[in-house]
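What follows is calculated from the coordinates using simple rules that are stated; it is not laboratory data. Nothing here was measured: the structure is a model prediction, and the numbers come from that model. Note: ideal-geometry Cβ built from the backbone for every residue, glycine included; neighbour counts use all protein chains shown.
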Amino acid sequence: MELYLEGIGLCAGGLPNWAESRDVLAGRSPYRSDELVMTASPLLPPAERRRTTDTVKLAMTVGSEAIAHAGLRAEDTASVFTSSGGDGRTITAILEVLASPEREVSPTRFHNSVHNAPAGYWSIATRCREASTSICAYDFSFAAGLLEAATRVLAERRATLLVAYDLPYPPALAACRPVAAPFGTGLVLAPERTARTLASLAVALRRPPVHETVLDDPALEALRAGVPAASALPLLLALARGDAGEVVVPYVADSGVAVHVNPVAYDR
Amino acid sequence: MQQLSLSHFTVTSALGSGLGATLAALRSRRSPLRPCDFETAALPTHIGAVDGLDAYPIGGALAAYDCRNNRLAQLTLDQDGFRAAVAKAVGRYGAARIGVFAGTSTAAIFETEQAFRRLDLATGALPPDFPYRETHNTFSIADFVQRALGLEGPAVSISAACASTAMTFAAASRMIEFGLCDAAVVGGVDSLCLTTLYGFHALQLTAEGPCRPFDAARDGISIGEAGGFALLERDGGDGGVSLLGFGESSDAYHMSSPHPEGLGARRAMEKALAAAGLRPSDIDYVNLHGTATKVGDAAEDRAVAELYGHVTPCSSTKGLTGHTLGASGIVEAVISALGILHGFIPASPTTEVVDPKLESRYLSEGAEQKLRRVMSNSFGFGGGNCSLIFGRA
């Protein structure tokens, strides 16, 4: 499947956004992992801003950045949201209340607990009535998102925003599901080459055995291996370097999704 | 769009396990909704429960996947020769060429709810061997189905609240169109849990008695549970039921209330009609989302009446199955397919007095009549909408 990348968003500790992270990802300056402070998107009305969770903030931050980078209007752009699990903090709060005698579940928490909460808040904030889906494939959620977004772009012949995000769980769930750090990325994919094209991407399903792309920098590799959404890092590194080449992202049943990257405007 | 055939399908809900029991229950017009007796839930509401899951554990190589949600998946897969139909498809295409697209809203959070009552007091942690991946995680349903059927193709869970399983038809259709698989198992499961029972109660969206879609005195939903699956393939021209079109949209309005004018709903229906190359007059029956909330039914009615006037018959089957949340899309897809194959519009027996303020042609008594094409609506929290059109190939 031949696609064209028009915009990139990125948010993780030490990687505050795409523009400020390119030198690090290209190996021109060292990667320093940092605490990430999340802020609510100014796109949201104040009432919704107060109710949003870190999960929604992270997804909206990278989505907004990618859309702005592409110079598109969010209102007109379909979206795919992918995450390796739900909103751990919200779900933990509900589970704690359900384990208490009163079981007084907060209505706002309950509607924030759905897997598609970021997609819902995104569509409200951007007034976007286009199609949107929210998916999960555990450790393989980024690859699953790439396939879902790619087939959507080709079927509708329109640009689609892919948002991949993960955050660590609170201690109870973290004991059986460690996620190393928050990580979010947004990619705007389009069906045709335009003046906005950053790179062409050839996406293909690869049967086992596959060799997933690993990173040379130990700290970035720890992030990639420790956070499912950070499976995007090899692709982002290739884009930051501006080198043509192939990256392989792990996918279900020991298969992989191969992306051949061919940068065309890597200085934007 | 290309037509895809539902070459095999099955459903298990409060109406019964498998197509035969479901068909008989639909025609009996008796609602199996009953006062909530689920686990320790103490709530004044009715539920649509699937009985017998406690005695249906998952063993063998997939024992780690044992939980109420996957048990319901297993029970569903065991009906109507569905496993054999998939095995035949594996023979035709190969295991790597069949995808799994499964929807759920809560997966097996019920098991985590119980585990939280027994947290380690010293550490506050779940035991490290708690099977989170195989049970609670949203992917568990697609993962379990893929392994249970011995498939090796693309697999993903779609979790867009109550539109989840409807959207699996759309995702699978695109994957087949662009050659990532030749066939797909679509559908999914949602099972009863305290999170949804107490959560919808907190939102004041649960009815005390059995839910009454489109009734003047409707007062909320009855939560149900269900599993359903369909095998989608390129049309074999066998005269069975096909997916003719789908349409997806977003409300962009509110997290837990639909757009009051039904704008998102209307957009999904219009997109489905356009994808199928059909006009509203080509649709013989609309299976509504119709959850029986005050605002939900009013918003959908407005959208349906604007498209179909007071002409095309419509009804909701939620009074029979309960609102099976993420599973409602596949449940109602199968009910639509049964209506086409057996020539009937399902009744809505819990609806006593159709709300005179609603303008669409709500047929609470149902009808025996030939159906060529049926639209099925699914709308969810977060404002995600999906309309599907089924018909004779």
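Results, tabulated for the structure shown:
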read-out	value
Euclidean distance of C-alpha centroids, segment B:254-329 and segment B:70-120, integer Å	28
Mean separation of Cα contacts under 8 Å, 6 or more apart, over the residue count of chain B: relative contact order %	23
Pairwise FRET efficiency - B:Glu365 versus A:Glu35, Cβ, R0 = 45 Å, nearest 0.05	0.10
Extension gain (nm, one decimal) between B:Leu62 and B:Ala216, 0.36 nm per residue minus Cα-Cα	50.7 nm
Label-point gap, in nm, between B:Tyr93 and B:Leu341 - each point 7 angstrom along Cα→Cβ	1.9
Shielding score for A:253-261, defined as the mean number of other chain Cβ atoms within 10 Å	2
Length-normalised contact order of segment A:73-161 in % [C-alpha pairs under 8 Å, at least 6 apart]	48
Average Cα contact separation per residue, segment A:2-263, under 8 Å, 6 or more apart, as relative contact order %	26
Most fluctuating residue given options B:Ala95, B:Ala230, B:Ala183, as computed from a GNM of chain B linking Cα atoms under 10 Å	B:Ala95
Residue of B:Phe246, B:Phe139, B:Phe169 that the Gaussian network model of chain B assigns the largest fluctuation, springs spanning Cα pairs under 10 Å	B:Phe139
Gain on full stretching of the segment that runs from A:Ala47 to A:Arg127 - 0.36 nm per residue minus C-alpha separation	27.2 nm
Using a Förster distance of 25 Å, the FRET efficiency for B:Asp238-B:Glu177 (Cβ separation, nearest 0.05)	0.80
Segment A:Glu102-A:Val264, length gained on full extension (0.36 nm per residue, minus Cα span)	52.4 nm
Helix-derived mean residue ellipticity, 222 nm - over chain B, DSSP H n ≥ 4, -39500 (n - 2.57), to 500	-9000 deg cm²/dmol
Loop GluC sites (Glu not before Pro), segment B:191-241 (other Cβ atoms within 10 Å of the site Cβ: 15 or fewer; DSSP)	B:Glu208
Distance between segment A:48-75 and segment B:177-226 - C-alpha centres, whole angstrom	29
Candidates A:Pro168, A:Pro118, A:Pro182, ranked by Gaussian network fluctuation over chain A, Cα under 10 Å, top entry	A:Pro168
Label-point separation in nm, A:Asn17 to B:Ala24, each point 7 Å along Cα→Cβ	6.5
